[in-house]
Amino acid sequence: AMERLVERLEKAVERLESVCQGPGMCGDGSAKGVAQYVQAFDALLAGPVAEYIKISKDVGGDVQKHAEMVHAGLMSERALLVVASQHQQPAENAFSALLKPISEQIQVVQNFREKNRGSKLFNHLSAVSESIPALGWVAMAPKPGPYVKEMTDAAMFYTNRILKEYKDVDKKQVDWVKAYLSIWTELQAYIKEYHTTGLTWSKTGPVATEGAKAAPSAPAGAAPPPPGPPPPPAPVSSSTDDSASRSALFAQINRGEGITSGLRHVSDDMKTHKNPALKNQGGPVRSGPKPFTAPKPACNANPSQTTSPKAPPLLELEGKKWRVENQENATNLVISDTELKQVAYVFKCTNSTLQIKGKINSITLDNCKKLGLVFDDVVGIVEIINSRDVKVQVMGKVPTISINKTDGCHVYLSQSSLDCEIVSAKSSEMNVLIPTEGGDFTEFPVPEQFKTVWNGQKLVTTVTEIAG
């Protein structure tokens, strides 16, 4: 698997190099005409980044492999900075394509941690994996700096664990923490100086396109390199639903509370399905700027694909797995013909309700928002992961419910499932509702805050009630 990752890395770097043709631009910081902010980024690479990579080599193992992936991500970022320093800001869809190598590299770094949960250095992998989305600052406006700080704080949750474990044991580990965190603190200072409200593009030069090349500036005396192959065509999805694909690239990166703060509340009289008169007004119902439409690729072998960037909604039985995917505003989904050996996997469903009748093995909700699930009996586990604002009601029995990386989760238990175990991690706003004799429910919050003390033999953790 490692070889495959390295191959992917090399491909990503090659792709970037095709984006910024010419050795002067993507390799050699001393080339003439390199923008000041690219030189400043090179200083960051030569300082804290080089230090982090050096110490990661000393630590070795998974940490060293991870550092190579992080380095590739930073080089992708440098390539984008070079393009921005020589081009005017592109349309949204071309920008998504330029961001793709960075978002893919973030994914590579995060997948490495997921695949190595048994690693002795798992806290190191977690510190890096939780903060690497900071590379996405180039897509953030108007506050890229605070965004990077938020990611740095996410790393510190884990680096504090490393410091605790190694503080008086291994100085090298302590140095590793300092070097790694200093990358992000220096990046914040760098952003503050050169890109305060978002990535700074050139005021002159051509408008950047999907395959924007940085102007070659080979070192003096060297023949310019032959032009490389054209950049590979972007995968169908990236050239279609431009602003959405860009948001999607960084959505998983930035799941913070802030996401919903800019949304307007849509009242019933503004909804076409509740107010049919709106449909007949002739004018467009949607407000706000019209989304960019992607230019049609010149030679597209399969045109039908480009018109539907949205994944199709699914509700089907595949072998033993019920797949319920990409459902939106579907308020009466029902699975009734169930068997004990079947599992249900509910993915990316929004504003919908699903009822599962009968007794099945397990249910997983993944990446769902505003979803209501009602089920009869589960013999294994009900898992809720990466979701927001979900309500789950058991009518019969379930032994275990697991809630992970989820904000806003209401679990309604039945009289016969009161002995259910609820396991939660990295989640907030969880409530368990217990049935009363009158048929109502009483709501109990699940603790999110804990206090841990060393009692001389071991760590003792107790729940702390949040004051106020």
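The values are calculated or read from the model by the stated rules, or taken from the named source; none is laboratory data. These figures come from a predicted structure and were not determined experimentally. Reconstructed Cβ throughout: ideal geometry from the backbone, glycine too, with neighbour counts over all protein chains shown. Note: accessible area is taken over every heavy atom of the protein model, side chains too, but ligands, DNA and RNA are not part of it. Shrake-Rupley method; radii C 1.70, N 1.55, O 1.52, S 1.80 Å.
Before moving on, here are some points about what is shown:
- For region 374-409, the set of residues classified as over 20 Å from T338 (Cβ atoms) and among the small types (G, A, S) consists of S387, S402, G408, listed by residue number.
- Residue pairs meeting the criteria (Cβ under 9 Å; at least 6 apart or on separate chains; first over 21 Å from F347 (Cα atoms), in region 387-403; second open to solvent by less than 10 Å² (accessible area, probe 1.4 Å) and not polar (S, T, N, Q)): M395/F375; G396/F375; G396/V378; K397/V378; P399/V378
- Pair list, Cβ under 6 Å, 6 or more apart: region 146-168 residue outside the structural domain of K178 (by the TED database), other residue assigned to a helix (DSSP H, G or I) and open to solvent by 90 Å² or more (accessible area, probe 1.4 Å): none
- In this entry, S182 is excluded by the filter for residues that are of a type in the set (S, T, Y), modelled with pLDDT under 95 and in contact with a helix residue (DSSP H, G or I) (Cβ under 8 Å, 6 or more places away or on another chain).
- Test: residue in region 438-450 that is β-branched (V, I, T), at pLDDT below 95 and either not in a loop (DSSP other than H, G, I, E, B) or not assigned by the TED database to the domain that holds F375 (or both): yes
- In region 94-118, the qualifying residues are those that are open to solvent by 40 Å² or more (accessible area, probe 1.4 Å) and of a type in the set (K, R), and the one that is farthest from E77 (Cα to Cα) is R117.
Matching residues to (1) open to solvent by 30 Å² or more (accessible area, probe 1.4 Å); (2) farther than 24 Å from V59 by Cβ:
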{"site": "K143", "(1), (2)": "yes, yes"}
{"site": "Y147", "(1), (2)": "no, yes"}
{"site": "Y158", "(1), (2)": "no, no"}
{"site": "R161", "(1), (2)": "yes, no"}
{"site": "E165", "(1), (2)": "yes, no"}
{"site": "K171", "(1), (2)": "yes, no"}
{"site": "W176", "(1), (2)": "no, no"}
{"site": "A179", "(1), (2)": "no, no"}
{"site": "I183", "(1), (2)": "no, no"}
